[in-house]
Every structure is written in structure tokens, then in C-alpha cells.
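K.L.:
If you scroll down you'll find the structure; I have some questions about it.
The values are calculated or read from the model by the stated rules, or taken from the named source; none is laboratory data. Predicted model, so just to flag it, every value in this text is computed and none were measured. Glycine also receives a Cβ, built like all others from the backbone with ideal geometry; neighbour counts cover every protein chain displayed. All accessible areas refer to the heavy atoms of the entire protein, side chains included, with ligands and DNA or RNA removed. Shrake-Rupley method; radii C 1.70, N 1.55, O 1.52, S 1.80 Å.
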Amino acid sequence: MSVPSSKKITLILGAELDKLVTLPWTWLTLIGTFIINLLLAAAFTSVGLQGAAGTQSILNIGLASMGYLQAGFLILGILAACSEYTGGQIRTTLTTIPWRGFQLSMKLLALAVITIPAAFIIAASGVLYTFIRMRDTAVGFEINTMIEALAGATGYLTLTALLSAAMGALLRRTTPALVILLGYYFVVSPLTKDFLPGLKKYFPDTVGNYMYMPPSPDEINVLTPLQGTGILMLWTLIFIIVAIVFYRRRDA
Amino acid sequence: MLEINNLVKYRGTQEILSGISFKARPGRVTGFLGPNGAGKSSTLRILLGLDRATSGSALVNGMPFAELHNPLVTIGAALDGSGAHRRRTGRAHLRWMARAAGLSSSRVEEVLEIVGLTKAADKRVGNYSLGMGKRLGMAAALLGDPQILVLDEPVNGLDPEGIRFIRTFLRERAESGNTVLLSSHLIGELAETVDDVVIIKHGKIVADGTLEEVIGNHSNLEEAFFARTSAHAGDAV
């Protein structure tokens with residue numbers, strides 16, 4: 001296929017956005033993630049309020065739920081990719097948009113368009129809640145630090161959603177994709193954190209932490225937010241390229 | 001014009017299609033008939049770019065499906081089922097398709113009206129009956145008002161009214177110069193609709209010609225079909 005025109009890009013991106021926003025699961029996942037994140041923020045804030053005044057960091061407590069929050073974005077990415085295989089929609093998609101690599105790229109771009117604001121709002125809501133509850137007791141912070149942390153959190157959640165969508169496109173079925181990704185992020189990775197300590201920080205789940213967590217002075221060999229972003233982007237790109245190669249080659 | 005040339009398809013070690021060739025011409029309804037598992041759907045899937053051929057070609061107006069500039073306005077396809085996500089509404093399904101092809105929302109309303117789904121357009125596809133799902137698939141095929149229609153088992157599961165609608169509709173499309181290729185295993189339902197007949201059995205074409213040629217000395221298409229597809233059937237026409 002020749003290079004797609006800007007008009008074609010606009011049309012296909014619009015169609016992929018339409019698909020995502022008319023899927024009830026998209027909204028249920030985002031709203032559910034928002035509510036659960038606020039509940040977690042409330043819980044972490046309550047624990048934080050028990051601590052000594054002037055020692056608690058609003059950012060650390062506000063973003064403490066990120067480890068759980070990423071589950072919502074893993075699910076969102078998988079649903080976006082695997083929904084094509086419900087009701088035979090993939091046939092309609094590929095007879096309407098038969099340029100497979102281009103179509104999958106536009107789907108991922110549409111997912112990013114939805115994920116970026118959603119991730120920012122959800123991550124910021126947790127920090128805002130913590131700020132409101134702890135502004136009198138916690139240590140102060142620079143506005144720039146907060147913006148950097150929220151931008152990092154947004155980037156991390158967006159890349160996580162894209163990576164899981166690429167995995168969903170590879171596996172094509174929702175349940176196996178959910179089991180593998182949630183199993184890795186929430187069971188395998190925490191259980192194996194003591195193995196390969198030198199390499200573990202480069203894995204996609206752990207490297208993303210460096211995108212939004214302020215570096216701890218106790219930790220050696222930490223990555224900067226920029227390095228964390230670059231490595232997670234590389235992971236995501238590798239998964240996307242593999243997904244596109246398989247998507248182009250195999251029968252629908 | 002649709003052209004299938006020496007199409008071969010393997011799944012694993014099993015040969016699904018064994019070098020089949022035929023054409024579907026403008027102004028004619030071509031019936032692609034065969035028992036279940038004969039290779040009809042595999043052929044249509046390759047024609048529509050969904051599956052890869054092991055060798056051979058399937059061309060739409062002389063080019064592979066993926067090279068069409070805007071497929072929806074060239075060829076409309078309805079394969080089994082609705083082809084829509086069960087949790088999306090019928091209208092939303094057609095709207096994303098229309099947007100991808102650069103078509104207006106008013107065209108969505110037109111095709112909903114043509115297939116009689118306007119009142120059910122805001123229901124989720126998962127709540128549709130089999131017949132309504134078929135109608136949605138037909139609406140999707142007609143969305144771009146294409147010159148070519150490819151329909152897989154279009155009357156399967158439809159009530160008599162639906163079958164009559166499909167018959168009349170396809171005849172009208174062909175008479176206005178369009179190409180119609182439809183596959184079916186329900187021979188009796190299609191005898192009154194098709195101009196040309198291609199019969200496939202075990203991945204091989206066993207008959208290809210006009211309706212009259214394929215019927216030959218048999219009393220009707222159904223007899224001719226069974227004569228060609230029964231265990232001891234003879235060679236191709």
C-alpha cells in the first residue's frame with residue numbers, strides 16, 4: 001500500500017475512535033478505574049494522616065495507587081484490541097480497512113487519544129484528593145515536580161495501555177490476554193523482584209515506575225524519568241511491531 | 001468483475017482449495033454452491049483479503065482486495081453473522097464503517113431503511129435475532145452502494161419474507177449492471193435468483209456455467225447439484 005493520505009488518516013482514526021467510544025466496556029473500565037483509584041487514594045491518605053505531621057509527601061501518597069491503577073489501563077488496552085474478535089467484527093474491519101498495519105496503527109493511536117486525558121484525570125484526581133486532605137499536615141512540594149510526576153504517570157499508563165493492546169492483538173482473545181498480562185504484572189513480577197536485580201528494573205512494569213516516582217536517595221543505579229520513558233517506549237514499540245507483523249501475515 | 005484464478009489454500013497439511021478458477025460477471029447473479037465444508041467460505045475470505053491464498057489469485061476489478069482505494073464503495077460483503085460487536089448498537093456499527101469510508105451519516109439511515117432495521121437501529125446487536133443480524137450485515141454491504149456484492153449464505157436463517165426480499169433485491173442489483181456473487185448450500189432457495197452457477201465440492205469446481213448449462217438434462221438445479229456433489233459424481237461441466 002502507498003503512503004496513506006492525511007484525509008485517509010483522519011477518516012480511519014475517526015472510525016477507530018468511534019469504535020472505542022461506542023463500546024460500553026471502554027467507559028465502564030475508565031469510570032471503574034476512576035472510582036477505585038479515588039477509593040485507594042482515600043485509603044492511602046487515611047494511612048498517611050496517621051503519620052507524623054510534616055513528614056508525608058502528597059505526591060508519594062497521591063500516586064501510591066498507581067500499582068493498582070495500571071490494571072484498569074491493562075484491561076482497557078486488551079478490550080480495545082480483542083473487541084475486534086467479538087461478533088466477527090474483524091471481518092467488517094478488514095473489509096472496510098484492508099490495510100492491516102495502517103489500521104492497527106490507527107487503532108493504537110485512537111487508544112492513545114482516549115487514554116492520555118483519561119490517565120491524566122485519573123492520576124491527578126488521586127493527587128488532588130490527597131492534597132485536599134493533607135495540605136495542612138504534609139510537606140510542601142514544587143508545582144513543577146507535581147506536573148512532571150503527573151506527566152510521567154500519564155505517559156506510563158498510556159504506554160501500558162498500548163503495550164497491552166499490542167499483546168491483545170497478538171493473542172486475539174480477551175481472557176488469555178487478561179490472564180497473561182494481569183498475571184505478569186500482579187503475580188509473577190512481584191514474586192520475582194529479587195531475581196535478576198540488575199535487569200529487573202528494565203522490565204516494562206518496573207521501568208515505568210521511574211517515569212513518575214521521584215528518585216529515592218537510598219536507591220543506587222536508579223534510572224532518570226527520561227531513561228524510564230525511553231525504555232518503556234522501546235518495550236511498547238517492540239510489542240507493537242511484533243503485533244503488526246503477525247496481524248499482517250495471518251488469516252483473520 | 002470478480003476473478004478467481006487457480007486458487008490453492010492449505011490449512012496445516014489439509015488442502016482446502018485445489019486450484020479453483022471461476023468468474024462472477026457484471027449484470028449477473030452468480031451462485032457459488034456447495035455442501036458445508038466444500039470451500040465456499042474459504043474462497044470468499046481469500047477474495048475479501050481476510051485469508052491468504054497458498055497460491056493463485058482472487059481479483060476484484062483486476063486487483064487484489066487490499067489494493068482497492070476505497071473497498072466499501074467498490075465491493076460490499078456480508079459473511080456469516082452480523083459482523084458487528086454484540087455490545088454496540090446497529091447504528092453505531094454502521095456509523096464507524098461510514099466514517100472510515102468517508103460516507104455521510106444520512107447514508108447509514110438510508111441503508112437501515114432499505115433493510116428494515118430503522119426501528120431496531122439503537123438496540124445492541126447482541127439483542128438482535130438471527131434475521132436482524134443478517135439484515136445488519138446486508139446494510140453494511142450496501143453502505144457504499146458498491147458495484148459488486150459478495151454474500152455468504154444470505155438466506156440462511158431468514159424467514160420467507162426475508163428470503164423474498166433478498167431474491168428481489170439481488171435481481172434488481174444485477175439487472176442494473178452490478179455483479180452479485182452469493183454462496184449457499186440451500187439450492188432450492190436460490191434457483192430462482194441466480195443466472196450463473198459454480199458448484200464446488202471438496203475444494204474443486206465440479207460445475208461452472210449458466211443456470212441452463214448446469215441444469216443440463218436434470219429436472220432442476222437441485223437435481224443437478226446432487227448429481228455433481230454426491231459421492232460418485234462425474235467430472236466438471
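K.L.:
Within region A:35-43, does at least one residue satisfy the condition of being farther than 19 Å from A:K107 by Cα, surrounded by 15 or more Cβ atoms within 10 Å (Cβ to Cβ) and within 16 Å of the chain's Cα centre (by Cα)?
P.N.:
Taking every residue of region A:35-43 in turn, at least one turns out to be farther than 19 Å from A:K107 by Cα, surrounded by 15 or more Cβ atoms within 10 Å (Cβ to Cβ) and within 16 Å of the chain's Cα centre (by Cα).
K.L.:
To continue, here is another question. Which of the numbered conditions does B:G177 fail, given that it passes all the others? Conditions: (1) more than 25 Å from B:N5 (Cβ to Cβ); (2) more than 14 Å from the chain's Cα centre (by Cα).
P.N.:
(1)
K.L.:
OK, next. Only one residue in B:L117, B:L44, B:L130 is under 15 Å from the mean Cα position of the chain (by Cα), in contact (Cβ under 8 Å) with a residue 12 or more places away in the chain and more than 24 Å from A:L28 (Cα to Cα). Which one?
P.N.:
Going through B:L117, B:L44, B:L130 in turn, the sole match is B:L44.
K.L.:
Please verify whether region B:131-148 includes one or more residues that are within 12 Å of another protein chain (Cβ to nearest Cβ), at pLDDT 95 or above, surrounded by fewer than 17 Cβ atoms within 10 Å (Cβ to Cβ) and out of contact with any Pro (no Cβ under 7 Å at 6 or more places or on another chain).
P.N.:
no
K.L.:
Filter region A:58-107 for residues that are more than 30 Å from A:P190 (Cβ to Cβ) and among the polar types (S, T, N, Q) and give the result.
P.N.:
A:T86, A:Q89, A:T92, A:T93, A:T95, A:T96, A:Q103, A:S105 - these are the residues of region A:58-107 that are more than 30 Å from A:P190 (Cβ to Cβ) and among the polar types (S, T, N, Q).
K.L.:
A further question on this structure: Somewhere in region B:18-34, is a residue under 26 Å from A:L104 (Cβ atoms) and either open to solvent by less than 40 Å² (accessible area, probe 1.4 Å) or assigned by TED's automatic domain parsing to the domain that holds B:I215 (or both)?
P.N.:
Among the residues of region B:18-34, not one is under 26 Å from A:L104 (Cβ atoms) and either open to solvent by less than 40 Å² (accessible area, probe 1.4 Å) or assigned by TED's automatic domain parsing to the domain that holds B:I215 (or both), which makes the answer no.
Yes/no matrix, rows are residues, columns are (1) closer than 19 Å to B:D145 by Cα; (2) more than 9 Å from chain A (Cβ to nearest Cβ); (3) at pLDDT 95 or above:
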site: B:A53; (1), (2), (3): no, yes, yes
site: B:G56; (1), (2), (3): no, yes, yes
site: B:M63; (1), (2), (3): no, yes, yes
site: B:H69; (1), (2), (3): yes, yes, no
site: B:D80; (1), (2), (3): no, no, no
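K.L.:
Which of the following residues is open to solvent by less than 40 Å² (accessible area, probe 1.4 Å) and under 18 Å from A:A64 (Cα atoms): A:A124, A:A110?
P.N.:
Sole residue among the options that is open to solvent by less than 40 Å² (accessible area, probe 1.4 Å) and under 18 Å from A:A64 (Cα atoms): A:A124.
K.L.:
Go through A:T29, A:T92 for me and flag whichever is facing chain B (nearest Cβ under 9 Å), hydroxyl-bearing (S, T, Y) and buried (at least 20 other Cβ atoms within 10 Å of the Cβ).
P.N.:
One residue alone meets the criteria, A:T92.
K.L.:
Of everything in region B:86-117, what is more than 7 Å from chain A (Cβ to nearest Cβ) and open to solvent by less than 20 Å² (accessible area, probe 1.4 Å)? Give them in sequence order.
P.N.:
Residues satisfying the conditions are B:G90, B:H93, B:L94, B:A98, B:V108, B:V111, B:L112, B:V115, B:L117.
K.L.:
Let me ask something else. If we scan region A:156-165, do we find a residue that is away from chain B (no Cβ under 14 Å), open to solvent by less than 10 Å² (accessible area, probe 1.4 Å) and either free of Cβ contacts under 8 Å to residues at least 40 places away in the same chain or not in a helix (DSSP H, G or I) (or both)?
P.N.:
The answer is no, given that none of the residues of region A:156-165 is away from chain B (no Cβ under 14 Å), open to solvent by less than 10 Å² (accessible area, probe 1.4 Å) and either free of Cβ contacts under 8 Å to residues at least 40 places away in the same chain or not in a helix (DSSP H, G or I) (or both).
K.L.:
Can I ask one more? Within region A:8-26, count every residue that is at the interface with chain B (Cβ under 8 Å from one of its Cβ atoms), open to solvent by 10 Å² or more (accessible area, probe 1.4 Å) and either hydrophobic (A, V, I, L, M, F, W, C) or touching a residue at least 40 places away in the same chain (Cβ under 8 Å) (or both).
P.N.:
2
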